[in-house]
Structure formats: C-alpha cells, structure tokens
Amino acid sequence: MSTLKTPPPPPEHQYDYIVVGGGTAGCILANRLTASGEYRVLMVEAGKTGKGFWIPIPAGFSKLLTNPIFNWRFKTEPEESVNGRSIAIPRGKGLGGSTLINGMIYVRGQPEDYDRWAREDGAQGWGYDEVAPYFRRVEHTAVGDEERGRDGPMRITEVQERYPISEAFLRAAQEDGQLLNADYNGRNQEGFGYYQVSQWRGRRWSVVDGYLLPARHRSNLTVMTEAMVTSLDLDGPRCTGITISLKSGSIIKVGAKREVVMAAGAIQTPQLLELSGIGRPDVLEQAGIPVAHALPGVGENYIDHYATRMNWRVKGTRTLNEMTRGYRLALSVAEYYSKRTGILTLGTGLAFGFVKTRPEMLTPDVQFFFMHASYANAAERRLDKSPGMTIGVAQLRPKSRGSIHVRHSDPAQAPRIRPNLLGDPGDGHCLVEGMKIARRIVNQPAMQQYVDAELNPGPGCCSDKQWLDFARQNGQTIYHPIGTCRMGTDALAVVDPRLKLRGLEGIRVIDASVMPSMVSGNTQAAVMMIAEKGADMILQDAAASRSTSRGL
C-alpha cells in the first residue's frame, strides 16, 4: 500500500463530498447529496455548461455526435475483429454529459439483467426488485402501469410522430408472428412498438433539466466547469481529495472530508484511476506511473453494444432523407418552432423491436431501431439524398470483453480503447440471426408497397459468412460502454456492491463503469438508476457513521 502524502487543501477548498464528472450520474448525485442541506458538495466537470443551439432540439443529436465542444470524440484502436477499423466512441462533454448529445432512447433493460447481476455477478442488492424503485424514482411518465414512475425528475414520453411507413413496419412484424408491446419498460420487453424517449413537449430533457437546474440555487452545491481533474490525492489507504487543472492554467487541490465519488463514465473513470496510480501494475509501469494501489480489474471488462445498419431504398412515401433538405427543411423548422412537432423531435429511433433469435430463448437477445432514413455515412450522420429506411440491429448482451487503459501519464492523452468487438463467436452468430429476422420482416406483405430494393447488405448476402463479413466491415458501436470498474466480490472486481473502491477508503465509483454485465438495451436509464441507488447508499452510510460517532 502506498504511503504517499499530500498537504491538506486550505479550508475554502474543503467539501464533504466531491463528485468527479458532471454527466448523467454526476448531476443526479449533485442533486441528491445536497437535498438535505447538511453536506457541502463540489461537482467538477471538464467541459462547459451545456448550452448550444442544437442541444434542446432532439434532431440535433446528429450535429452533436461529431461536435468537439460537447463530445470527447474517443476512438477505438484498430482491431482485427472489425477488419482493422478504428471506430468512433462519442462521449458527452459538458454539464449533462451524454444526455446532451445522445439519441434520448429510454430503455430500462430486462428484469433478468439485474437478477443476473445479483445471482451470477456478485452484485448483491442489485436484483430487479431492489433496483425497480430507483427506476420509478427517476421517471415522470404517463406510459405503462404501476411498474412505472409518475412524478420523478426525468420526463419520459413515447415518440409522438407517426408515419405510414413506420405503421407498415409494425404490421409487418405482426405478419412475421411478432407481438406488439405497449411498454417495453415493464416486466416484459419482447415485442414491437414506438420508442420511449427523454423529451418533454418536443424538446430534449437532459439530467441538467431534471436534476441539476432544480439544485443549482442551493448554497451547499458548488459546480466547477472547464476544470480537468488530473489525479486523485491519496494519504496512505485513503483518498483525501483531487487535483484540478483549471482553464486559466493554475493547479489547485480540493479536499473531501467524507468521500470522492467518481462519476466520469466508463471511459474516463478508469483513466483517472490509472493516472492516480490505481490499477494493474504492469499497465501503470508501462505508462510511467508509480503504483499507489494495485487493483488489477481497473480498465478491464469493457463491454459495448455493436450494431449493423441495414438499409433499403423506398418508394411511395417521403423519408427524412428528402424532408431534411431545401424548402421541406424550412417547413419542418417552422413547424417545430410553432408547434414543437415534426421531424425535429426525432432522435435515433422511431420504432423498436425486441426479438428472440431462437424461439426457445426466455427473453429477447436482439434490439431493432427502425427509422425512415438512411445514411450515406453512418459515422458522420450524413443522410442519403434518395428515399431510404434503416433497421439498426444490435445484440443485447454481448459476451466479448475488451479493455481501456492509459497510454501515458499525461492526462490530456486519450486512453487506449480496445473493445474486442465481435471477439466472441457467439456475438457474431446472434447478430447474423438478428439481421435475418429484420430482412424477413421487411419482406412481409405490409412493407411491399414501400420497399424498392435492399441496399445493405444487399440481396446477394445469403450465407452466414457473408452476413458476418458485412457486420465486421460496416458495424459501429451504439455508444454504450460499460463495465470497466465493475462491481462484485471477486479478485477482479473494482468496487464492492456498495460501490466502494476495494482496498481504499474515501472513494466510490457511481457510473456506467460499475455495471458487471450488459443490460438489454440503451444504457442511459440504468446509469440513472445506479446514480439514484448510489446516492442513497452514500447517505445511508453517512447516517450510520454519524450514529456510531454519537454512540447510538
């Protein structure tokens, strides 16, 4: 164990809790930890305040996903499993984090995901019945039954736009024997319908709207932006605070009387731990970083959702490809600003499908994203000029595991991301079967008045090898990295089930990095749940500590 000593910060730089990262989890923690007025909390964010023309407009995600002001724009290392390609890994930069730039799709996942965490992954206390109340605490929605939350901070609505081609897609799914599902965020995820999104009255509803703005007036909350945390400060076996590099170029140290809470996400939380000397000794030594606390699981267990996009040329209807050009775009802008309706309210998914690739499976293992649009370049979000539609196909629970590790002791250098996408043969097989089902649905009678031709992978793709080659050459992640500081009780777990860093005091991790395995769908909702439950754990432990100190 390290015996590194750091001088204590001056009193004005002392807080009860420091939250590192102003993203999805960070904003929730900032709200919940300051609600009682009892604790002084500092939240530190490297990006700016999340203001910009495109941020409140749902369709603006396509602009923000390549915007360096609000996106860290990470990339993977070229990997053989995806034919030597480097793949973009967008992550939100600024207050609100990825809720500023994402497609706003809200998916809890399957109850079985969380039961698996508790039963198989060593995450006791995280079974579905134990996490469901925190999902309800997050949600403010009219969708679903008593399983859903009605008065939480996050506005969740069903996509409001309807188009003939999306209705035909749902009819075709039924013709294929699939079910419709009015609420995939209930107990049963399987089926087809329209996505639920974090929006309100046609505008993006981020964690800034739901959690941070209601808390900003509190005198016990301090928010620092454009402030890069460069290291955690350790005093023997305890984390005592952080070191921050300010925009002005000055360096300050800030102390945490109780805890430092890492909420920087699945990319930057392990990066900062390693920069602070916490992690695999061989990785740290190679990067020229002295080992302060050996913790071999840091940066391992990297998991992400990998998706292919199947495209069709369509006929007999207008699609986003034409509706976002020329005078039609001007009309759409006018509609949006006068009514808050129309194509500018759309995110990354219009209609959903959660399907089983084998009938004997207990739950779906593939997710579909239907949009009446097609991309000339998916990574750059450039639409085709001719009418088109897309079905994104993603495996819900990939088995492939990768890693993320620092390259160098310089905090400004991006980490090395090696996701090992499609590294497990089962992942490729699942994706192939999912694409076959998508094609089968499009070939049903209900879609024939709209389908002109399959463009990608094209009718010549028939064998499993051809399908898999298409996936390796054309797939992208859908930006759901998790698992790099996973919770558990084994030797490679980074945090315990109460999210405390193993072997050090005064530090927790509360973000997507603690997920031990992938949830079945978009990860935004699960991160919000983790932050709500994590905040409760912090406050419970603080109350217990106070009672102990008083001899109660």
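The values are calculated or read from the model by the stated rules, or taken from the named source; none is laboratory data. Note that the structure is a prediction, hence the values are computed from the model and not measured. Cβ coordinates were reconstructed from backbone atoms using ideal geometry, including for glycine residues, and neighbour counts include every protein chain displayed. The area values use the complete protein model at the heavy-atom level, side chains included, leaving out ligands, DNA and RNA. Shrake-Rupley method; radii C 1.70, N 1.55, O 1.52, S 1.80 Å.
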| Which residue pairs have Cβ atoms closer than 8 Å, lie 6 or more positions apart in sequence or on different chains, and pair a first residue in the stretch 106-122 that is over 15 Å from Arg486 (Cα atoms) with a second residue that is of a type in the set (D, E, K, R) and surrounded by fewer than 20 Cβ atoms within 10 Å (Cβ to Cβ)? | Pro111/Arg187
| query | Quick one: would you say Gln476 is farther than 29 Å from Arg258 by Cα, open to solvent by 40 Å² or more (accessible area, probe 1.4 Å) and among the polar types (S, T, N, Q)? | reply | no
| Condition met for Ile251 (out of contact with any Phe, Trp or Tyr (no Cβ under 9 Å at 6 or more places or on another chain) and within 19 Å of Val41 (Cβ to Cβ)) | no
| request: With a cut-off of at least 2 residues that are over 18 Å from the mean Cα position of the chain (by Cα), name the strands (runs of 3 or more DSSP E) lying wholly within the stretch 331-427. | output: 351-355, 366-371, 375-377, 388-395
| Residues that are at pLDDT below 85, farther than 17 Å from Ser332 by Cα and either buried (at least 17 other Cβ atoms within 10 Å of the Cβ) or not charged (D, E, K, R) (or both), drawn from the stretch 40-65 | Gly50, Gly52, Leu65
| message | Among the residues in the stretch 459-470, are any closer than 16 Å to Ala123 by Cβ, in contact (Cβ under 8 Å) with a residue 24 or more places away in the chain and not charged (D, E, K, R)? | response | no
| request: Would you be able to say whether some residue in the stretch 453-475 is part of a loop (DSSP other than H, G, I, E, B), closer than 26 Å to Ile101 by Cβ and either of a type in the set (D, E, K, R) or within 22 Å of the chain's Cα centre (by Cα) (or both)? | output: yes
| task | Look at Arg498 and say whether it is in contact (Cβ under 8 Å) with a residue 24 or more places away in the chain, open to solvent by 10 Å² or more (accessible area, probe 1.4 Å) and under 23 Å from the mean Cα position of the chain (by Cα). | result | yes
| query | Within the stretch 247-256, is there a residue that is at pLDDT 95 or above and surrounded by 24 or more Cβ atoms within 10 Å (Cβ to Cβ)? | reply | yes
| field | Matching option when the condition is in contact with a helix residue (DSSP H, G or I) (Cβ under 9 Å, 6 or more places away or on another chain), surrounded by 21 or more Cβ atoms within 10 Å (Cβ to Cβ) and farther than 25 Å from Val314 by Cβ, among Glu139, Glu147, Glu130 | value | Glu139
| remark: Within the stretch 507-540, restricting to residues that are within 15 Å of Gly125 (Cα to Cα) and of a type in the set (D, E, K, R), the one that is least open to solvent (accessible area, probe 1.4 Å) is Glu532
| Does Leu232 satisfy the criteria of being over 23 Å from Thr34 (Cβ atoms) and either open to solvent by 70 Å² or more (accessible area, probe 1.4 Å) or modelled with pLDDT of 95 or more (or both)? | no
| query | Can you find even one residue in the stretch 320-330 that is more than 25 Å from Leu422 (Cβ to Cβ), open to solvent by less than 10 Å² (accessible area, probe 1.4 Å) and out of contact with any Cys (no Cβ under 8 Å at 6 or more places or on another chain)? | reply | yes
| query | In the stretch 199-209, what count of residues is obtained for those that are crowded, with 17+ Cβ neighbours inside 10 Å and assigned to a loop (DSSP other than H, G, I, E, B)? | reply | 3
| task | Mind listing whichever residues of the stretch 210-224 are without any contact (Cβ under 8 Å) to a residue 24 or more places away in the chain and either in a helix (DSSP H, G or I) or surrounded by 21 or more Cβ atoms within 10 Å (Cβ to Cβ) (or both)? | result | Leu213
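The rows are residues; the columns are (1) farther than 23 Å from Leu65 by Cα; (2) surrounded by 13 or more Cβ atoms within 10 Å (Cβ to Cβ); (3) in contact with a Gly (Cβ under 8 Å, 6 or more places away or on another chain).
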residue	(1), (2), (3)
Ala446	yes, yes, no
Gln449	yes, yes, yes
Ser463	yes, no, no
Thr484	no, yes, yes
